[in-house]
There are 2 protein chains.
Amino acid sequence: MGFWKSFFGSADTASTSTKFEGDTISNFSESPASGDRADNGRILFSTDREFDLYELEELCDAVGWSRRPMRKVRKAIQYSFLVVSMWQQRGNTRRLIGFARATSDHAFNATIWDVVVHPQFQGKGLGKALMKYTIKKLRSEDISNITLFADPQVVNFYRQMGFMADPEGIKGMFWYPD
Amino acid sequence: MGFWKSFFGSADTASTSTKFEGDTISNFSESPASGDRADNGRILFSTDREFDLYELEELCDAVGWSRRPMRKVRKAIQYSFLVVSMWQQRGNTRRLIGFARATSDHAFNATIWDVVVHPQFQGKGLGKALMKYTIKKLRSEDISNITLFADPQVVNFYRQMGFMADPEGIKGMFWYPD
């Protein structure tokens, strides 16, 4: 619970809008690749769906995901139950550095999709912060069953976040056309 | 494709409403338990959400599922992307004998939940018919990624339906609170 407190729950959290929540992550610094290691960023989270989809495309490009039609991405965001974006703020400039979304029946189940953190911002606990924020939001909506499909290389990451693979032998399955 | 044709695609399918689709399943007969083995039923499928939730509760009771609050079940049905019910019709009477629903982002992913066939109607290919109908509906909405979480005893059933467990090492994961 200490984590929540320090990241999101502090009374002096300065939110720039009702949909933005954030706090400075004390140990956050730019990756060496950015050439600006001294400049600590302020990390904000938002559930607002009104952001530039080209910025999201850029983020997905940065992690090597295949491009998807903008029209379908827009629709998926519209019909997702929860959309979480993570931003680095410097002065008046915000940069999209992370994203996650979830589908849901608004009652029992939610499934998290498209979790991404910009490579320059990986290895700093920000993926963990993004997931904690996402889980917190889903739990606050009384969703009891939070699920996801994890690629092999991130199974351990999600394990650390409290996710269990194949609990009681339940198998995640994907349909493939004949 | 022959399956589709005989079950759902025949030109002479008599639908009782635009949302009902069905055809007599030639090899369908009541289970011995019903004491009425001679009376072949007519099986109908519907995507209509307006049905008696107490009938659904009865169906779920019959397979031993834990009761869930009606209010939440109603909400889950309302916010599911697709709701499929399977009915046995005899004269003017319809009986709910199967159910499935799916959450979705309306663009890329759908996840199927709550697949149930009444025990008296199991072992007759109706679970398969219910799933084929559900997959057909999702595919017709241009959903490319159809997923589900299968209990161990039904993994093989879903395999036969074209689902693959853990493709490329992708693991289905469930979140559990600390």
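The values are calculated or read from the model by the stated rules, or taken from the named source; none is laboratory data. Because the structure is a prediction, the values reported are computed rather than measured. Cβ atoms come from the backbone with ideal geometry, glycine included; neighbour counts cover every protein chain shown. Ligands, DNA and RNA are excluded from the accessible area calculation, which covers all protein heavy atoms including side chains. Shrake-Rupley method; radii C 1.70, N 1.55, O 1.52, S 1.80 Å.
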- Item | Those residues of segment B:83-107 which are under 30 Å from residue A:148 (Cβ atoms) and open to solvent by 20 Å² or more (accessible area, probe 1.4 Å), in sequence order | B:106
- Message: Looking at the structure I just gave you, is residue A:166 facing chain B (nearest Cβ under 7 Å) and over 15 Å from residue B:105 (Cβ atoms)?
- Response: yes
- Query: If residue A:119 passes every condition in (1) more than 9 Å from chain B (Cβ to nearest Cβ); (2) under 17 Å from residue B:108 (Cβ atoms) but one, which one does it miss?
  - Reply: (2)
- Message: Here is a check on your reading of the model: is residue A:85 within 11 Å of chain B (Cβ to nearest Cβ) and either among the β-branched types (Val, Ile, Thr) or touching a residue at least 24 places away in the same chain (Cβ under 8 Å) (or both)?
- Response: no
- Query: Regarding residue A:155, is this residue closer than 24 Å to residue B:175 by Cβ, under 13 Å from the mean Cα position of the chain (by Cα), at pLDDT 95 or above and not polar (S, T, N, Q)?
  - Reply: no
- Within the group A:169, A:162, A:127, which residue is under 11 Å from residue A:100 (Cβ atoms) and of a type in the set (Gly, Ala, Ser)? A:127
- Message: Restricting to segment B:35-50, give me the number of residues that are open to solvent by less than 40 Å² (accessible area, probe 1.4 Å) and either at pLDDT below 95 or out of contact with any Leu (no Cβ under 8 Å at 6 or more places or on another chain) (or both).
- Response: 3
- Task: Kindly establish whether residue A:88 is over 14 Å from the mean Cα position of the chain (by Cα) and either at pLDDT below 95 or not aromatic (Phe, Trp, Tyr) (or both).
- Result: no
- Within segment B:57-68, considering residues that are surrounded by 11 or more Cβ atoms within 10 Å (Cβ to Cβ) and not hydrophobic (A, V, I, L, M, F, W, C), the one farthest from residue B:127 (Cα to Cα): B:68
- First in segment B:52-69 and away from chain A (no Cβ under 13 Å), second anywhere and open to solvent by 40 Å² or more (accessible area, probe 1.4 Å) and part of a helix (DSSP H, G or I), Cβ under 6 Å, 6 or more apart: B:62/B:119
- segment A:129-142 - residue that is buried (at least 16 other Cβ atoms within 10 Å of the Cβ) and touching a helix residue (DSSP H, G or I) at 6+ places or on another chain (Cβ under 9 Å) and, of those, farthest from the other protein chains (Cβ to nearest Cβ): A:129
- Residues satisfying the stated conditions in segment B:104-116, i.e. within 7 Å of another protein chain (Cβ to nearest Cβ) and more than 24 Å from residue B:62 (Cα to Cα): B:104, B:105, B:106, B:107, B:108, B:109
- Item | Residue selected from segment A:108-125 under the condition open to solvent by less than 10 Å² (accessible area, probe 1.4 Å) and closer than 21 Å to residue A:72 by Cα, by the criterion nearest to the chain's Cα centre (by Cα) | A:116
